[in-house]
């Protein structure tokens, strides 16, 4: 029953004073990007320039993916039933699980475990694919039901390369893609989840945070869908993935 | 029963192609900050430079506020019961409501309605405070149980001013603060919720998105608490706000 | 900051002893039906025989309504995303809102307010329908998109009548149905929500508990759907209301 | 993409007609207890007399346990933040997890797996405890932080015995209690979770439904706490388990 003092190292708040991992809130409101603050609040330290850009790209990469994912269906259902925007976001976040966004942490876990083994990355990848074959497992983070080539993967790896940031996990990730093609004779390109799994592993993230990063990234998309449902649709309409049409802006560039 | 086509204008996804409000995902992963993408996904257009900085500052401003808010208690309870990080975030998001973060949209609603009235801002503020007195209502977004002066308010308004962005709602917000002091003889400084309410009103946001912006901002903080609970605490410990101690980094600057 | 003692009157627990509203848990496990315990835990007192039967009938009446309601869609989405049964139930419960199950409390609120007015019930109903016409409001709890005559309404009222339990709210409910037909020339039969709203009003329930009773009633149905999704379907299947087919047992009697 | 017909066997709904697992809703509203309907909706068949009483006792046994469990803390936090009763229930349901109510399914899983082994129940129990010792595992469903002897266990087993319903799992459960004492020299009495785990295993439930049954049972308790928080407390009060006082009715009998 002891009312023992417990400890927290995230933020320090007292009258007139808010410090996030030691940094003054007013200072970071001005000097840091939100992506850097996300990194800070989760990791306890500021990211390097490369890490900041990668974090930003990761958060942007999965901000939305249209109305088909089941998380969007749940979010829109909560609004359709006549509830608040925060409940709608919570409903969508509940759907993000082992089968939806879960490949980030699953692939990161495997890559972190296998990257520790000694020897050439290509040999590790070959052993890993052999193990997948023997155990009848699928490699999470590879292949996509919709995208033959996931446009987000190349961009993430480009940014890492440009900063000379590619480490053993990105290397291993690419070697796995090659080994899957050679050993299984299947083209299973790295999808965004596998790419994020590799990048955050090189950044030193605990793989268990993979799903959480996806949740952070997707929440604005869920809010956009909840709000659109609220202002464009009637309550209790028949909700389902099809048929729908996109009626937003056409292709444009920055 | 009609399976009528419904419309969505948020993102357009087809094989090998993801467009957010018209912009290619790979392009915005590199060229936009996450705060700009949050703005884009919610508003449909790119923010100006001033709006991008304000959006960033808003998202940073409420990323965390220590372990006392009830949303953190719920988030930690979900982990303590033996559940996943996404469920923990959902649990915390459910708590963000009319009494917790709700002052953003409540103050934005009032300021948007009263700002439409003609005449001097100071006269509008005087009338508003009179109306509050008569109806016995409190003005949401003013005063704070902990912070006499909320350090986030000044910084937000500074950024707006530096860009020459202060519009009628920020003006009105300041005039309300002054009128509250004069008419009620109470010092009720603008807190972060009131400041965000004013800034997003000048940015043209529907007030109904206020709580949603707070949810986006706070999710990384909730994840940090969920993860800390998971790695530092035993399941089913006695959870409650007190007593706890901060044991993170001391004060530091960027 | 005062750690003031707060009060709760629901249950009293100490080593080897659990009392629900004063009653010993072991005694009520044997002597009370679960419906009676639901009544007890919410109201603080044991129900009469009539109230016990009505409570039972209310909980049974909305235990499930097939896979189309948006709450079921959200529940199945949570499983489909790869999450736990409790998260799936929570996802469904989040959808139960003003437009889904909300008519119970909305109709109870109106009936409780209008029943207080003096005079004949038929006159109150006439005035109420007049007010609805003038304000352009719909009467919640009347009419159903699917059921012309809701089979649950008659049964609930039968049970009440058999026990001589029909009070002013059930009377008013029936008078409203008649007045709607006469004044609006529309057949809007009392649906299960309106019937439950009337019965719980006669039972003395705060109308604000209406949605909560519906949640209790529906949770087993949501669990059944979550479990069926888990054991019969693959993760991340296209989820939507149609088309589906019922393949359970054919019609049978007790 | 195929819009393939999917199947559900829970309920069959068409205009004017609702059948739950084949039974007419109006008939079961009158002839079945809610506990029997919970069994029906989950299992697809009517319970025997013994099963109906056991189901009722199980649902009653965990309807509430005071304000200390973390699920109640989350439920009250959701109300305290200014949200709806359904969101509050969802918040509490999210907390029910591996460490809170999870011992039902964990113990049922172990008992179902070990009960399949041949030989005397006492020998199986001895082997099981040996295995626990070797692997350093705890047996879920035994021991309680508060109750030395859980008053709910004896009552559940009494009801089973009275009906001659005790099967291999209840026997095994008791043998494990004895073996734990003999081999580990620890008094770890069967708690309600272990007892429910044994009883539902004898009833033929999939162990994976254990947590779901606990959720059904506890939802009325969560609603009672949410409602009490709503009507007795101010928003955003300091929430925490202590100190509180019970101020409900004193001990009383039916």
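The values are calculated or read from the model by the stated rules, or taken from the named source; none is laboratory data. Keep in mind it's a predicted model, so treat the numbers as computed, not measured. Backbone-built Cβ (ideal geometry, glycine too); neighbour counts: all protein chains shown.
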Worksheet entry | Residues satisfying the stated conditions in region D:135-168, i.e. under 17 Å from residue D:59 (Cβ atoms) and more than 14 Å from chain C (Cβ to nearest Cβ) | D:165
Worksheet item: Limited to region D:199-254, what total is found for residues that are surrounded by fewer than 19 Cβ atoms within 10 Å (Cβ to Cβ) and within 23 Å of residue D:158 (Cβ to Cβ)?
Response: 5
Worksheet entry | All positions within region A:24-40 that are in contact with a helix residue (DSSP H, G or I) (Cβ under 7 Å, 6 or more places away or on another chain) and surrounded by fewer than 22 Cβ atoms within 10 Å (Cβ to Cβ) | A:26, A:30
Worksheet entry | Lone qualifier among D:208, D:232, D:218 - being at pLDDT 95 or above and more than 30 Å from residue C:226 (Cα to Cα) | D:232
Discussion item. Which condition from (1) on the phi < 0 side of the Ramachandran plot; (2) at the interface with chain D (Cβ under 7 Å from one of its Cβ atoms); (3) in contact with a helix residue (DSSP H, G or I) (Cβ under 8 Å, 6 or more places away or on another chain) is the one that residue C:74 breaks?
Written reply: (2)
Worksheet entry | Criterion (at the interface with chain C (Cβ under 8 Å from one of its Cβ atoms) and either farther than 21 Å from residue D:68 by Cβ or at pLDDT 95 or above (or both)) met by exactly one of D:198, D:224 | D:224
Worksheet, complete the sentence: Across region D:65-87, the tally of residues that are in a helix (DSSP H, G or I) and over 27 Å from residue D:191 (Cβ atoms) stands at 6
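For residue B:87, are the conditions met, namely being free of Cβ contacts under 8 Å to residues at least 12 places away in the same chain, over 20 Å from residue A:252 (Cβ atoms) and surrounded by 24 or more Cβ atoms within 10 Å (Cβ to Cβ)?
Judged against the criteria, residue B:87 is a match.
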Worksheet item: Residues of region A:140-168 being touching a residue at least 60 places away in the same chain (Cβ under 8 Å) and either touching a strand residue (DSSP E or B) at 6+ places or on another chain (Cβ under 6 Å) or in a helix (DSSP H, G or I) (or both), which ones?
Response: A:152, A:155, A:156, A:159, A:160
Response to the item:
Matching residues in region D:185-196 (crowded, with 23+ Cβ neighbours inside 10 Å and closer than 14 Å to residue D:143 by Cβ) number 6
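Quick check on residue A:56: is it more than 14 Å from chain C (Cβ to nearest Cβ), crowded, with 24+ Cβ neighbours inside 10 Å, without any contact (Cβ under 8 Å) to a residue 60 or more places away in the chain and on the phi < 0 side of the Ramachandran plot?
yes
For every residue, the table says whether it meets (1) within 13 Å of chain D (Cβ to nearest Cβ); (2) not in a loop (DSSP other than H, G, I, E, B).
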| site | (1), (2) |
| --- | --- |
| B:204 | no, no |
| B:231 | no, yes |
| B:234 | yes, no |
| B:237 | yes, no |
| B:240 | yes, no |
| B:250 | no, no |
Response to the item:
Of the conditions (1) within 13 Å of residue B:239 (Cβ to Cβ); (2) surrounded by fewer than 24 Cβ atoms within 10 Å (Cβ to Cβ), the single one that residue D:65 does not satisfy is (1)
Worksheet item: How many residues does region C:7-53 hold that are facing chain D (nearest Cβ under 7 Å) and assigned to a helix (DSSP H, G or I)?
Response: 13
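Within region B:106-117, does at least one residue satisfy the condition of being within 14 Å of chain D (Cβ to nearest Cβ), within 21 Å of the chain's Cα centre (by Cα) and either buried (at least 22 other Cβ atoms within 10 Å of the Cβ) or at pLDDT 95 or above (or both)?
Yes; the residues of region B:106-117 include at least one that is within 14 Å of chain D (Cβ to nearest Cβ), within 21 Å of the chain's Cα centre (by Cα) and either buried (at least 22 other Cβ atoms within 10 Å of the Cβ) or at pLDDT 95 or above (or both).
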Worksheet item: Does residue D:208 satisfy being under 13 Å from the mean Cα position of the chain (by Cα) and more than 14 Å from chain B (Cβ to nearest Cβ)?
Response: yes
Discussion item. If I filter region D:111-126 for residues that are farther than 27 Å from residue C:100 by Cα, part of a loop (DSSP other than H, G, I, E, B) and in contact (Cβ under 8 Å) with a residue 24 or more places away in the chain, do I get at least one hit?
Written reply: no
Worksheet entry | residue B:182, sole failed condition from (1) over 14 Å from the mean Cα position of the chain (by Cα); (2) outside any loop (DSSP other than H, G, I, E, B); (3) surrounded by 16 or more Cβ atoms within 10 Å (Cβ to Cβ) | (3)
